[in-house]
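**Student:** Questions regarding the structure given below will be posed in turn.
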Amino acid sequence: MSSAKESMQTVTAGACFCFCSVGMMFFNKMAIQAFPLECTLVAMQMAFAALALLTFGWSSLHFGSFKDVCRWFMVLPFFIGMLLTSILALKNAPMSLSITLRALSPLGSLLVERFYPDPLRITPAVIMSIVVTVVGAAVYCSSLEKEAMAGVGWVVLNSLIATGDRLVCRLLLAKDQCPVDLSKTACTLISNAGGVIPLTIAAYCKGEFSALPTVLAALTPLDSLFILLTCVIGLGISYSGIWAQSLISATSFLVMINANKFFIIGIEAFGLHTKVLTKTQVAGASLTLIGAILYGRARQLAEEVKEKEPLLPQTQQGTKHA
């Protein structure tokens, strides 16, 4: 019963994050086009999340100790960098490019997680699934137009920072690693409230405050709705991301992100009509998605094998029975 309950919680957390992730990427793309002040936009999203948690989630906040709070502050540089570079990537590159290059991120996390207290089990099937994903990304990028390549740098930087963020979160959240004594709402509050001041300073240094009146005057009601939705969904993705990361490995988390965001490619190509996909790009995107599905199956089989292994080595068991 306990195992079934944990599996249901994992599925629910993953589904919530996937839903928020797709919505966040879509509405962020709309918001940054109407409100091209990236530092101010991210600071607004973080401030909204922090105020909402203080207003409606006060009773669920739990801070074990000052040391736990300080440990969680390790997440802040990665969390802020991930959000900011994500906005810049969406501003300078098509969503499909961001999604496909992010498919490479599980490769790095897979290597790092080998050094965790409870390392991630690697099987030939896991390696093969990631290879399929990487090949798919390479196929997709091989036919990119020159204009799209302008945002590659931001996409790569975002992928690196996101990988670091997931690895640190996994280390501090998972029960079998080195967890902090903080509630999920407390972690979400620290991550968002801690990012408002540095991003506000960055916005001032970039001269965004002087451009703010002009940008606000040009906003339409629909633009304002997009910005509001990014704030609401930003709160959801912050909490559900922490929730899901406490239940699954960083590598699995990154693969899950990559798989669900391929839905965005269809929206961009067939819904927004802002991207025309070639046959090569469709093949690459499809191959990447297949790789993500294969990875999920490979991880499931690896965990089943791990659960069936004896708790004690065979030699120790024999000695005990003797």
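**Student:** Could you sort W58, W243, W154, W72 by their accessible area in this structure, using a 1.4 Å probe and putting the largest first?
**Tutor:** Highest to lowest solvent-accessible surface, that is W58, W154, W243, W72.
**Student:** In nm, to one decimal, how far is the modelled label at F56 from the one at C70, with both set 7 Å along Cα→Cβ?
**Tutor:** 3.4 nm
**Student:** Quick one: Karplus J couplings for the range 33-38, per residue in order, coefficients 6.51, -1.76, 1.60, θ = phi - 60°, nearest Hz, x for Gly and Pro?
**Tutor:** 6, 8, 10, x, 10, 4
**Student:** According to a simple spin-label model (label point 7 Å from Cα along Cα-to-Cβ), what is the distance in nm between S210 and K175?
**Tutor:** With each label placed 7 Å out from Cα toward Cβ, I get 5.5 nm.
**Student:** Looking at this model, which pairs from K29/K67; K29/K184; K29/K279; K29/K206; K67/K91 are more than 32 angstrom apart at the alpha-carbon?
**Tutor:** From the list (K29/K67; K29/K184; K29/K279; K29/K206; K67/K91), the Cα-Cα distance tops 32 Å for K29/K67; K67/K91.
The values are calculated or read from the model by the stated rules, or taken from the named source; none is laboratory data. Since the structure is predicted, the reported quantities are computational estimates derived from the model, not experimental observations. Here the Cβ is made from the backbone with ideal geometry for all residues, glycine too, and neighbour counts use every protein chain on show. Side chains included, ligands, DNA and RNA excluded: accessible areas come from the protein's heavy atoms. Shrake-Rupley method; radii C 1.70, N 1.55, O 1.52, S 1.80 Å.
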